[in-house]
Amino acid sequence: MKYDLHSHTTASDGVLTSRELLLRAKNRAVDVLAITDHDTVEGLEEARHHANEIGITLVNGVEVSVTWNKTQIHIVGLGVDYGNEELLEKTALLQKTRILRAEKIAQHLEKEGFDKPLEGALRYSANENITRTHFARYIINTGRARDMAEVFKHYLSYGKPGYVSAQWLSLEDAVGMLNRSGGQAVIAHPSRYKMTNTKMRKLLADFKSAGGAGMEVVNSGLNPEIIKHNASLAMEFDLLASAGSDFHSPDNKYIDLGRFPELPQTVTPVWQEWKLQ
Ligand code: AMP
Ligand code: MN
Ligand code: MN
Ligand code: MN
């Protein structure tokens, strides 16, 4: 069985609709796909309908933005009830935070000489669930950056002119919310945070005591050493292991659905006790 437990649709910053994404997953021999859009569960009901038709197992997911120790991190929720009231309320709040942050990002980009950046970014968004990826697509379109890597490096990553920090959910609120909505909380792409080992261990300890269930041990493009390191952290903190591509777009030739190594034998998969339908 091939599991890919991290992916995006047009409900956030993915470019495929849920139907297109599920078809692609099916064609790529993924058996179980989690759709994990940023701070929203909109679209999961429609996705379920398509999944049934296509004949692929869908896991209801979400990728929640969290501020921990002044750092922005992402927590993936797997198997959530997308009708859960607290989940709907808190994600609605996060949407508001996204809009307010986007207005500030736009002001900063205007100072850099960009023309109507908010309108520009929104043109790439199906539903105003606006992320930095939408600004990135707009900036690339102006010709002032060649690709995603360049646009984040020059404009959108921490410390760059278009970076605006925001107050996302606390770790405790996010993990509690995901647990109360029947899901499992999983630390997304740990190797992307560029944290010192000490800080990462503090994060994992805090996450575990907040009720966190697992961490992504395998993502797209990780080398075997990093996977081994992630696996040893998962075991040390008694966390289940997840695996996901974080697929956003077919344009990225390095990332595709289901395209990553298997989990090491030493860890317990997050799906070990799932009863899927
Ligand atoms: P946000 O949640 O609005 O801060 O946007 C974060 C999103 O930006 C991530 O989910 C990625 O899709 C994208 N992103 C962040 N850093 C990079 C990068 N260096 N290259 C490409 N995409 C990135
Ligand atoms: Mn994204
Ligand atoms: Mn993420
Ligand atoms: Mn993601």
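Within region 178-196, residues that are part of a loop (DSSP other than H, G, I, E, B) have Cβ atoms under 6 Å from residues that are small (G, A, S) in these pairs: G183/G77; G183/G79, counting only partners at least 6 apart in sequence or on another chain. Close Cβ contacts (under 7 Å, 6 or more residues apart or on different chains) running from residues in region 218-246 that are closer than 12 Å to V270 by Cα and hydroxyl-bearing (S, T, Y) to residues that are in a loop (DSSP other than H, G, I, E, B) and at pLDDT 95 or above comprise S242/L5; S242/V270. Taking the residues in region 139-169 that are under 25 Å from A92 (Cβ atoms) and not in a loop (DSSP other than H, G, I, E, B) as candidates, determine which candidate is farthest from the chain's Cα centre (by Cα). Looking at the filtered set, the residue picked out is L156. Pairing each residue of region 65-78 that is at negative phi with any residue that is in a strand (DSSP E or B) and among the charged types (D, E, K, R), provided the two are 6+ apart or on different chains, yields C-beta distances under 6 Å for H74/E63; V76/E63.
Could you tell me which of the residues F152, F114, F135 is without any contact (Cβ under 8 Å) to a residue 40 or more places away in the chain, aromatic (F, W, Y) and more than 13 Å from ligand 1 (Cβ to nearest atom)? Only one candidate qualifies: F114. Of everything in region 220-276, what is loosely packed, with under 15 Cβ neighbours inside 10 Å and touching a strand residue (DSSP E or B) at 6+ places or on another chain (Cβ under 8 Å)? Give them in sequence order. Residues satisfying the conditions are P261, E262, Q272, L276. When the test is whether a residue is in a helix (DSSP H, G or I) and either modelled with pLDDT under 95 or in contact with a helix residue (DSSP H, G or I) (Cβ under 9 Å, 6 or more places away or on another chain) (or both), K90 passes it.
In region 13-53, what count of residues is obtained for those that are out of contact with any Ser or Thr (no Cβ under 7 Å at 6 or more places or on another chain), among the β-branched types (V, I, T) and over 20 Å from R259 (Cα atoms)? Matching residues across region 13-53 total 0.
Checking each residue in region 1-60 for being charged (D, E, K, R) and away from ligand 4 (no atom under 15 Å from the Cβ) picks out K2, R19, E20, R24, K26, R28, D31, E42, E45, E46, R48, E53. Checking S220 against (1) in a loop (DSSP other than H, G, I, E, B); (2) more than 16 Å from ligand 1 (Cβ to nearest atom); (3) under 21 Å from A34 (Cβ atoms), only one condition comes out false. Which one? So S220 meets the others, but not (2). Applying the condition of being more than 24 Å from F247 (Cα to Cα), in contact with a Lys or Arg (Cβ under 9 Å, 6 or more places away or on another chain) and charged (D, E, K, R) to region 103-161 and asking which residue is farthest from ligand 4 (Cβ to nearest atom) yields E110. Taken over region 1-50, the criterion of being out of contact with any Phe, Trp or Tyr (no Cβ under 8 Å at 6 or more places or on another chain), hydroxyl-bearing (S, T, Y) and touching a residue at least 40 places away in the same chain (Cβ under 8 Å) is satisfied by T10, S12, T36, T40.
The values are calculated or read from the model by the stated rules, or taken from the named source; none is laboratory data. Only a predicted model underlies this, so the values are computations on that prediction, with no experimental measurement involved. Cβ: placed from backbone, ideal geometry, glycine included. Neighbour counts: every protein chain shown.
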